[in-house]
Amino acid sequence: MSDISITKQDVLDAQKSWADGIVDIGRIFLANGDYKTRASQHIKDLYAYDESEVMFKPTLASEVPFRKTYDHALSYFVGGEIPEDNGFAIRPWSKIRFGEQQIVVNATSATAMGNYFFTPLDSDDEMKVEFTFGYLVGKEGRLIIILHHSSIPYQSK
């Protein structure tokens, strides 16, 4: 893998795949389709659980804030194993867009940090979320996530 070099465009493409996947999971859920299989594929395609440890701190998780396993990630996205999980991806969302961010590329790894915005299906009001994603080149030659931290922006009282 040492001859593979990541570009900023690779990171942007990985972000688009992530956002499109989350929207697709919700679309399939609404159509009474097999959204759990789609969510499973989303995690297997985009996260490094099969190749590495993954640091995943989802936005709306407090009782179990860190998701070290594939099963805990799946629970966050579609509900299930962890009681606090309501299925973030099945909310559903009509659009997810990545906004202002900084991307640092280091040959076979990359880190991106900034804001992304989630638009619920039933509203035009975006939810602003801060994120940090860390990527490495997986066995199949595409970027996979080894770090995913997101949180609601701090609001002073």
Checking the structure you have, find out if any residue of region 92-99 is closer than 20 Å to residue 23 by Cβ, touching a residue at least 40 places away in the same chain (Cβ under 8 Å), among the β-branched types (Val, Ile, Thr) and part of a helix (DSSP H, G or I).
no
Within region 66-85, is there a residue that is in a loop (DSSP other than H, G, I, E, B), farther than 18 Å from residue 146 by Cβ and either touching a Phe, Trp or Tyr at 6+ places or on another chain (Cβ under 6 Å) or among the hydroxyl-bearing types (Ser, Thr, Tyr) (or both)?
yes
I'd like to check something: does region 116-128 contain any residue that is among the β-branched types (Val, Ile, Thr) and at pLDDT below 95?
no
Hey, can you tell me all the residues within region 1-54 that are of a type in the set (D, E, K, R), more than 13 Å from the chain's Cα centre (by Cα), surrounded by 13 or more Cβ atoms within 10 Å (Cβ to Cβ) and under 14 Å from residue 139 (Cα atoms)?
51
So which residues in region 103-154 are of a type in the set (Gly, Ala, Ser) and assigned to a strand (DSSP E or B)?
109, 110, 112, 114, 134, 150, 151
Hey, among the residues in region 64-120 that are of a type in the set (Lys, Arg) and farther than 22 Å from residue 139 by Cβ, which one's surrounded by the most Cβ atoms within 10 Å (Cβ to Cβ)?
91
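Going by the conditions given, is residue 57 within 25 Å of residue 152 (Cβ to Cβ), loosely packed, with under 14 Cβ neighbours inside 10 Å and charged (D, E, K, R)?
no
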When region 78-115 is checked residue by residue, the ones that are β-branched (Val, Ile, Thr) and either under 14 Å from the mean Cα position of the chain (by Cα) or modelled with pLDDT of 95 or more (or both) are 78, 82, 90, 96, 103, 104, 105, 111
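The values are calculated or read from the model by the stated rules, or taken from the named source; none is laboratory data. Predicted model only: the values in this text are computed from it and were never measured. Reconstructed Cβ throughout: ideal geometry from the backbone, glycine too, with neighbour counts over all protein chains shown.
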